[in-house]
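Notes for the one structure printed next.
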Amino acid sequence: MAAGWQDVLQDQAAVREAAAVAVDAALLAGVLMRTGEQPHTSDVVNYAPFTLLPSAVPRALFEQAYAVQQDFNLLVDAISQNKEFLQQTLASTIKVDDFTARLFRIYMQVLEEGLAQTVFLGINRSDYMFDCGLDGRAALRQIEINTIAASFGGLTSRTADVHRLVLKVLGKTEEASHLLPNNPAKGVALGIAKAWQLYGSQRAVVMFLVEEVQRNIFDQRCVENELWNRNIRVVRKRFRDVFEQGSLDASRRLYMDGQEVAVVYYREGYVPQVYDQQNWEARLLLERSRAVKCPDIATQLAGTKKVQQELSRPGMLEKLLPAHPEAVARIRATFAGLYSLDEGEEGDRIAATAIADPDRFVLKPQREGGGNNLYGEELREVLEKIKDSPERTSYILMDKIRPQPALNYLLRAHSPLKVSQCISELGIFGVYVRQGQELVLNEAAGHLLRTKAIEHADGGVAAGVAVLDTPYLV
């Protein structure tokens, strides 16, 4: 934590006053979520959880994360076009992980039929933590890259204003002026708008594919409103709507309720629980269409944990980005240790090492959405159970990152005000658009800082563990 906050943390009266101001400011700014009790309506809302104070982030690591984002955009796009790499990398995983296997089958079916889609849109978020080495120096380490439904670009666009006000209330006007402007919602919308424009039909709509339960609707509305401001029509549909109302014409244009769809922006579809047979059929219909999918299924597969682990193998980045040696060096500098649990000697050795010393590692399944990773005794128990089974290949192992905790207050509705030891995770949003083989847009689009109490090993804001935060560069 920046030294300037220590005086604040000790002044209980000032903290109580600032917290009351902060909550009202969050409501005023639109840092909102629907409630767990009434998740289907906006009649009753509350503020999304957030920190009272912005958290210290090393400036050099923040700048490093931004500098490498265009490289990661290039990499994800290259992987999505490399059928041989995806086939080889996911061969063991699809034997034991039914969800990845079903995605992969749709991918192969669409390729065999011939892609109707000619414009490709990527909106991803690369997430990092600051690993504190034995020498006390922090290093940027990538946790994962989210290539589908990367969320909170909307709400985090409004959080810095809340923290700016809080610092002023606490008499820290100079520090307040140092908080960076940040608007991922605008950057994400810019990518969607570019893809819509290149699709080439003024009448066509952008379709947000959304969850059945939409507690995080305001985060999505921030992006939606940016598109309406550009006079781009937005519709919100669920998988079951696509199954009931979706159709393709002879040119494989996608129609919903008679409206042509230019862009499908997925905010759903990344966990197995949402897919029944109808939803799988809806997903296939969308993938077969000419509409720009964000992501298309190849890009979703590019975000799997198994791909992440394979990228860390010596020489692999060079194969995927042969013309970009500087990008390869920048990307590799962010990698934590990643290990395969494939069957064979190497996998046996890694599994045995993790069982003997589980606190060194994190066990990661092929899942998005937070709250899926395994640590400590739980990691040991699961690995003991599956170490001699092909099931172990549905996981990867990663070195456990050890960030330096700092004190902060996590503001949650109906929760007592208490100080916590916290750690933070920095996400950088990336947006790219490719038409045929030409990359027409490649940008870093903003950042997201999420913070949680150290007793919670895993989970993000949507999972109810982390809260929204703003970086204070030190």
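The values are calculated or read from the model by the stated rules, or taken from the named source; none is laboratory data. Remember, predicted model here, so these are calculated numbers, not experimental data. Neighbour counts run over all protein chains shown; Cβ positions are idealised from the backbone, glycine included. To get the accessible areas, we keep the full protein, side chains included, count just its heavy atoms, and leave off ligands, DNA and RNA. Shrake-Rupley method; radii C 1.70, N 1.55, O 1.52, S 1.80 Å.
For the stretch 417-430, in order, what is each residue's ³J(HN,Hα) by Karplus, 6.51 cos²θ - 1.76 cosθ + 1.60 with θ = phi - 60°, in whole Hz (x at glycine and Pro)?
Values, residue by residue: 7, 9, 7, 9, 6, 10, 10, 10, 10, 9, x, 10, 7, x Hz.
List the relative contact order of the stretch 338-400 as a percent without decimals, with contacts defined as Cα pairs under 8 Å and 6+ residues apart.
Details: 88 pairs, mean separation 29.8, N = 63.
That works out to 47 percent.
Summarise the long-distance tail of P(r) for the chain by giving the % of C-alpha pairs beyond 29 Å. Write out the running numbers ahead of the final one.
Numbers: 55199 of 112101 pairs.
It works out to 49 percent of all Cα pairs.
Determine the alpha carbon to alpha carbon distance for each of Lys306/Lys387; Lys83/Lys305; Lys400/Lys452; Lys306/Lys400; Lys194/Lys305 and list only those over 20 Å.
Listed pairs above 20 Å: Lys194/Lys305.
Taking the Cα centre of the chain as the origin and placing charges on Cβ (Lys, Arg +1; Asp, Glu -1), which of Phe120, Ile79, Leu448 is farthest toward the positive end of the dipole?
Of the listed residues, the answer is Phe120.
Mind checking the full-extension length gain between Thr353 and Gln273? Use 0.36 nm per residue of separation minus the Cα-Cα distance, one decimal, nm.
Values: separation 80, 0.36 × 80 = 28.80 nm, distance 3.23 nm.
Net length gain for the segment: 25.6 nm.
Dipole of the stretch 1-45 (Lys/Arg Cβ +1, Asp/Glu Cβ -1, origin at the Cα centre): which of Ala19, Pro39, Ala29 lies farthest to the positive side?
Projecting each Cα onto the dipole axis, the largest value belongs to Pro39.
What is the percent carbon and sulfur in the accessible area of the stretch 338-400, measuring with a 1.4 Å probe over the protein chains and ignoring ligands?
Working: 1240 of 2970 Å².
The nonpolar share, carbon plus sulfur, comes to 42 percent.
Could you give the size of the charge dipole of the stretch 338-400 about its Cα centre, using +1 on the Cβ of each K and R and -1 on the Cβ of each D and E, expressed in debye and rounded to the nearest 20? Display every interim value, and only then the final one.
Values: 9 positive and 15 negative charges, 40 e Å.
Approximately 200 debye in magnitude.
To the nearest 20 Debye, how big is the dipole of the stretch 175-324 about its Cα centre, given +1 on the beta carbon of each Lys and Arg and -1 on that of each Asp and Glu?
Values: 22 positive and 18 negative charges, 62 e Å.
With only Lys, Arg, Asp and Glu charged at Cβ, the dipole is about 300 debye.
For Val57, enumerate residues with amide H under 5 Å from its amide H, sequence gap 5+ or separate chain, H modeled in the peptide plane.
For Val57, whose amide H was placed from the backbone, the distant partners under 5 Å are Tyr472, Leu473, Val474.
Heavy atoms only, probe 1.4 angstrom, no DNA, RNA or ligands counted: give me Leu190, Leu338 ranked by accessible area, highest first. Don't skip to the end; give the middle numbers.
Numbers: Leu190 65, Leu338 20 Å².
Ranked list, largest accessible area first: Leu190, Leu338.
Enter the Cα centre distance for the pair the stretch 165-181 and the stretch 258-277, rounded to the nearest angstrom.
41 Å
Take each of the peptides 307-314, 81-88, average the number of other beta-carbon atoms within 10 Å over its residues, and list them starting from the highest.
307-314, 81-88
Averaged over all directions, how much area does the convex hull of the C-alpha atoms of the stretch 338-400 cover when projected, in nm²? Mind dumping the intermediate values first?
Values: hull surface 14.9 nm².
Mean projected area for the stretch 338-400: 3.7 nm², to one decimal.
Whole number in Å², please: accessible area per residue of the chain, 1.4 Å probe, ligands, DNA and RNA not counted. Numbers along the way, then the final one.
Numbers: 19470 Å² over 474 residues.
Per-residue accessible area for the chain comes out at 41 Å².
What is the dipole size for the chain, taken about its Cα centre, with +1 at each Lys and Arg Cβ and -1 at each Asp and Glu Cβ, in debye to the nearest 20?
On the way: 53 positive and 60 negative charges, 196 e Å.
Its charge dipole is roughly 940 debye.
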